Amino acid sequence: MSEPSPITRAVRAGIDSDLTHGAVVPPIYLSTTFTFEEFGVPREFDYARRGNPTRSALAAAVAALEGAAGAVITASGMGAITTVLAALLQPGQVLVAPHDCYGGSWRLFDALARKGHFELVLADLTDPEVAEQAIREHGPTVLWVETPSNPLLRISDVSALAALGHAVGATVVVDNTFCTPLGQRPLELGADLVVHSATKYLAGHSDVVSGAVVCSTEAQAEDLAWWANCLGVTGGAFDCYLALRGLRSLHARMAVHESNAAQIVTLLTDHPAVTAVHHASLASHPGHELAARQQRLFGGIVTFELGGGLPAAQACMDGLRLFCPAESLGGTESLVSHPATMTHAAMPPQVQAAAGITPGMLRLSVGIEDAADLVADLAAGLQRAAQVGNGS
């Protein structure tokens, strides 16, 4: 038969590979160390921080989904980002990153820049003119792209940015956490590296913290694996087992996430308490046409703004039964977060304002529960928000 699709390869990752007992699901290799074949001759794996069979199975599956030469699995999404920064940047070199990136990314970029590890330039990479000026003027060593962005779901043109970045010698890195490899494959669009918080959609069950760096060349994969081992941020065996288990159902979960999100978007766009809805499926979204070309999915994250500001946001959240008030995203359960005080709280108010994060903004990670139940629960929350906004 022909080569299986990436989806099939993810579902089958590690399946029926146990030569000892014939286990269908591969075993977890928890050993921290492995014997040498003989004096001076190590096996493929010698110490678990450097290499582990369970981690290798997950890396192979993620690489297959992204169409990559290899992948490095880390203990968290931030571990993946740290590995890339450590490998690629030196003092005096420039990192150009989105002005509205994930709060945890911004915190790390800002902290390391203030310590002199590199120079940080923030720019609106969704604006072609602003992006081109920032890249040409500063000549970054690394161009960091996050699309869709967190939490406003802005869309950046990966192909155009990759061309601009490569013209000045930059390594182009794309955070593909929101879209997943099923919704977007940045390497095919010209990116050099892709990072994931595998905690989110890839693992998909809110029970493991994991990250991944996906590489377009084997040389990159070897270099980043060296750095991950050196830094001590590689993923543990049991965490990799859980992430691999979750990855096998990614395609099925994403279909329901997106279908449910579409119904939530319909509710929000027709509600008087809502002043803005951010989701690229909407024709009114500034990045709709680009997302339709660049992505295969619009995704399960929906962000919206309430006219009543912070009091309305709190009223909407308080009393929700099916949207847990929590950070993170991408699990089977629905979550609601208030970016200004939760995921992006590390950003000072002026940085939040520049990024477009408002006090009345809420971000939903739409789960795979029954859509009618989710719509009813959120509708009640919007009614509470409307009453606050009307002063009643």
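Only the coordinates and a few stated rules stand behind these numbers; no lab work does. Owing to the predicted nature of the structure, the values given are computational and were not obtained by experimental measurement. Because the Cβ atoms are built from the backbone with ideal geometry, glycine has one as well, and the counts that use them run over all protein chains shown.
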Sort F36, F45, F109 so that the residue with the fewest other Cβ atoms within 10 Å of its own Cβ comes first and the one with the most comes last. F36, F45, F109
For the range 146-154, just list the computed ³J(HN,Hα) in residue order, Karplus coefficients 6.51, -1.76 and 1.60, θ = phi - 60°, integers in Hz, with x standing in for Gly and Pro. 10, 8, x, 7, 10, x, 7, 6, 6
Order the peptides 14-23, 60-69 from the highest to the lowest mean number of other Cβ atoms within 10 Å of their residues. 60-69, 14-23
In degrees, nearest ten, helix 53-66 long axis to first principal axis of the chain (Cα): 50
For A276, residues with placed amide H under 5 Å, excluding near neighbours: E305
Residue-by-residue Karplus 3J(HN,Hα) for the range 295-311, coefficients 6.51, -1.76, 1.60, Hz, glycine and proline x: 10, 9, 9, 8, x, x, 9, 10, 10, 9, 10, 9, x, x, x, 4, x
Given H placed 1.01 Å from N in the peptide plane, which residues other than close sequence neighbours of S206 have an amide H under 5 Å from its amide H? T332
Whose amide H sits under 5 Å from the amide H of M361, counting only residues 5 or more places off or on another chain, with H placed in the peptide plane? L306
So how strong a dipole does the chain carry about its Cα centre when Lys and Arg Cβ are +1 and Asp and Glu Cβ are -1, to the nearest 20 debye? 420
Whole-Hz Karplus couplings 3J(HN,Hα) for the range 238-253, θ = phi - 60° and coefficients 6.51, -1.76, 1.60, Gly and Pro as x, run 5, 4, 5, 4, 5, 5, 5, 4, x, 4, 5, 9, 4, 5, 5, 5
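What is the fewest-to-most order of L242, L282, L161 by other Cβ atoms lying within 10 Å of their Cβ?
The most exposed by this proxy come first: L282, L242, L161.
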To make sure I understand, if each residue's beta carbon is the centre and we count other beta carbons within 10 Å, what order do C324, C101, C179 fall in, fewest to most? C324, C101, C179
